[in-house]
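Before any comments, here is the structure.
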Amino acid sequence: MTLKNCLVLAAAGLLAISGPALAESYGPFPVTVKGYGGDKSDSTSYTGQAARQVLHNSLKKLAGMGDGSNAAEIKSQMMAYYAGKEEGRAILDPKSKDDFVVLQTEVDQISKGKDLKGKTYKGVVNGWPRKMTGSEVIEFMIDKAATAKGGFDPLTGYDYPQLISKFAMGAVFYNQAVDNYLDEKLAANNKPNNKPYSEGKHYTGKEHSWDEGFGYFGAPAHALSLDAKQAYGIAKKKDIGVADYNKDGKVDLYREMTYAHAYYAADADKSGTNYLHTIFRAFLDGRKLITAAEGEALSDAQRAQLIGYADTIKTNWEQVIAEAAFKYAGSVYKDLEKLQTIVESGGDANDAFRAYGKHWGELKGFAMALEAGGKDLGEVGVRMNRLIGYGPVLLGGGQVIGIDASGDYVIGGNQDMGNYMVHMLKLQKLLAEAYSLSARKNDATAELENLIESLGESLATEND
Amino acid sequence: MFELTAQNLLADWAGQFLDPRKRLFWGYLGSAFLIALIWMVLLGRERPVSACRKLLARDLWCSASARADYAVFLINTILMGSIVPRLLGHAAVAVFCFSLLHDLFDGRASLLPDAPAWAIAAGFTLVLFVVDDLARYVVHRLMHAVPLLWAFHKVHHSATRLNPLTVLRTHPVEGILFVLRGALVQGLCIGIFVYGFGDRVSLVMVLGANAFKFVFNALGANLRHSEVPIRYWSWLENFLLSPAQHQIHHSENPRHHDRNFGVVLACWDRLFGTYCHSEPNQELRYGLGPAVADPHSLYTLYLLPFREGVGFLHRIFIRRWRRQLTPPLVPTDQYQSNRAIYEID
């Protein structure tokens, strides 16, 4: 270990001791590249991923900004954040507010020349009509979102900000992490640890690959010092005190923000699970293992251990997405119940229908995200897609059943609301069993299970 | 999923006496003892010490019949621990019923939206109790009426001395039927009520047990399987079955056979013609009589029912099969006519 590395480790130790808690953070890690002569002392680097996190947040914001007359302008802006790499793109979300000041205002301040399209899932998405690839789905949705007022299409029930956001989180972040950085990039000859990631870089191939996976998860570097509620609250810009780890008075969108699936992991964890810390701990332990190799190629045993950490991350990450889909299936069920009551009493169903569309969009986005993990979901995927359908069941019983050659939605079918409620019940059961879920928020059959629990289970055979 | 470990077994055995949802909860056993003691002292004119001696008599609690009860209790816990988790559960029935109602009535119902939650809870608790009691009557009657089922239910009736643990003297096959009965009844009630009343449904409980069951158990349910012939007033026995009435159900006397199948309510027996009042100063012999040579052996308790059941099925199906294979006899007059037609000589 060089003198410089010793100093970095000592500095990291001091930072940890003087920080708000003694928990470990993801970085800084010393430079281990053999023969590195530059002035960098921290090998941690996932700025590209953090930049894509704010690109995603901003894209979602834009998807809800259509007013029916600015379609071309909105579409152009959305494409700039989805497919463009131009300089000067402002961060539309997260933005500073009075009691929560963020450090960066432009994407380039985090990382330059980044887009989302180039990293989007390239396989076919079965949950969307016409067998589109991941990026085709998002671009199709962007086109539709630009013409929808507030991003919502009342004729189909589609809420584009939710559909685009939840699917993009899966198609970009989840896909890149579990199907690339935690998969093929762990092979011995792919981005080896005894070489810099690329010529002149101060981090090794394995160090940076691992960091990139971590960056897509979206957790703040000090997540271990936060409980689920605090980590969740950072994404909601609630408490700068817990977000601002280095106490400079501003929240660094690179290292101190909660994004995407880390936010949903924290959301699930508020119900008693431990996804956020489990995934974070596996990332941290994996990074420590790579750092400890001190720039040498990883042995088979070390790689096997690293693959073990990767498996933990993949399994828990998939569960986080499935937990979110489960939660929104329960929301859709409740929305249908409310709609039924309003319709039966002859009330105004507009607000309830809007909420239904929002929750359905979240459900659909997460369900499609599960497909983007790069593994064949098999029967689970088929059943999930059939239960959800291509669109929410509308008040008249219709539903989007396809997209014609002109790109217009085809609405057909005649499904009862009651039957669609049963679909949501079956979907929750399917997800809970297929992914061994335990948070199970908004469980539509929780009342049944609570009553069964209160009756008690008996192995005894009391006779009469 | 239940795991068969020593810790789980001990927990389940102990749970029978520690869980207020179980008939053998120590509190219920204690109340049954007190009720029996008071009854013997006040009505039987026994001295308290003498009454206690009779209730705790060694020849009762250490009898061959009682020892068999204990063995069955211990063995069944092991067997049922492996079987029950694989059976159709309450949740499956409840969810199925709950889902089916959405389809049948297109959506979710909201019945009696203005009714207070306590009234819904009281209604649910009462309905669950009554439907469960009816289901117990029906299944119990079938266990006696269908020879194949009787082969297994006989295990319970083979007890020649009654003590509270006799309630668990049950063949595992019968135990499986009880579990399925419970899943069906409770699952249906829960599914229907939650569908109709949503989160207003809850169980009225005392010490974590269904309030009605708590009252039933606290008022001496364990005396049904005892040799203390506590009777109720005649008018009360028309509504609630007394311990003495259930003891009649266990009587060896053919005059008492197939009587008083009910558990708590007498109305089912009265409705279906199987009701029988208790008798003053009744002295009964329990068990199956001399027909069963060794009623307390493990062979009789566990294997003989299978043998008898297979024998029963054999008689039913083999005879039917043989009848189908044997050509029917040709009537004589038709035989003669055939001879004439074909000129057989």
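The values are calculated or read from the model by the stated rules, or taken from the named source; none is laboratory data. Only a predicted model underlies this, so the values are computations on that prediction, with no experimental measurement involved. Neighbour counts run over all protein chains shown; Cβ positions are idealised from the backbone, glycine included. Please note that ligands, DNA and RNA were not included when accessible areas were found on the heavy atoms of the full protein model with its side chains. Shrake-Rupley method; radii C 1.70, N 1.55, O 1.52, S 1.80 Å.
Here are a few things to note about the model shown:
- Under the combined filter of DSSP loop state and at most 13 neighbouring Cβ atoms within 10 Å, the range A:207-268 retains these trypsin sites (Lys or Arg not before Pro): A:236, A:247.
- Look at the stretch B:173-179: the mean tally of other chain Cβ atoms within 10 Å of its residues' Cβ atoms is 3.
- For residue A:441, a cut-off of 13 angstrom between C-alpha atoms picks up these aspartates and glutamates, skipping any fewer than 8 places away in its own chain: A:267, A:269, A:323.
- Filter on A:61/A:334; A:270/B:22; A:338/A:358 - keep pairs with C-alpha separation over 24 Å: A:61/A:334; A:270/B:22
- Just the protein heavy atoms count here, and of the accessible area of the protein assembly as shown at 1.4 Å, carbon and sulfur take up 58 percent.
- q = 0.08 Å⁻¹, the protein assembly as shown: log10 I(q)/I(0) [Debye, one scatterer per Cα]: -0.85
- Calculated FRET efficiency for the pair residue B:316/residue A:184, C-beta based, R₀ 56 Å, to 0.05: 0.30
- Across the range B:142-150, coupling constants 3J(HN,Hα) worked out from phi with the 6.51/-1.76/1.60 Karplus curve, θ = phi - 60°, read 5, 4, 8, 7, 8, x, 4, 6, 4 Hz, and Gly and Pro carry x.
- Relative to the current alpha-carbon distance between residue A:248 and residue A:41, full extension at 0.36 nm per residue lengthens the span by 72.5 nm.
- The chymotrypsin sites (Phe, Trp or Tyr not before Pro) found in the range B:150-241 that occupy coil by DSSP, while having at most 11 further C-beta atoms within 10 Å, are B:233.
- Dimensions (Å) - the range B:163-303, Cα atoms, principal axes, largest first: 55, 42, 30
- Extension gain for the segment residue A:73 to residue A:288, taken as residue separation times 0.36 nm less the Cα-Cα distance, is 72.8 nm to one decimal.
- Chain-alone versus full-assembly comparison, the range B:67-81, residues with accessible loss of at least 30 Å² (1.4 Å probe): B:80
- Mean projection area, nm², convex hull over Cα of the range A:210-330: 8.1
- Built amide H within the under 5 Å cut-off of residue A:102, gap 5+: A:96, A:97, A:251
- Using the Cβ-Cβ distance between residue A:345 and residue B:146 with R0 set to 41 Å, the FRET efficiency from 1/(1 + (r/R0)^6) comes to roughly 0.20.
- Other protein chain C-beta atoms within 10 Å of residue C-beta, averaged over B:87-93: 3.
- The B-A contact accounts for approximately 3300 Å² of buried accessible area, totalled over both chains at a 1.4 Å probe radius.
- Across q = 0.11 Å⁻¹, the range A:69-202 modelled as identical point scatterers on its alpha-carbon atoms has Debye log10 I(q)/I(0) values of -0.54, in the order of the q list.
- Computed label-point distance, nm, for sites residue A:433 and residue B:34 using a 7 Å Cα→Cβ extension: 4.8
- Share of pairwise Cα separations in chain A, more than 44 Å, in percent: 16
- Euclidean distance between Cα centres, the range B:37-101 to the range A:313-365, Å: 47
- The lysines within cross-link reach of residue A:191, meaning a Cα-to-Cα straight distance under 19 Å and a gap of 8 or more places when in the same chain, are A:34, A:119, A:201, A:206, A:288.
- Per residue, the accessible area of the protein assembly as shown comes to 45 Å², computed with a 1.4 Å probe over protein heavy atoms only.
- Heavy atoms of residue B:267: accessible area, 1.4 Å probe, square angstrom to 10: 60
- Rg/Rh, computed from the Cα trace of chain B with Rh as the Kirkwood radius, has the value 1.09.
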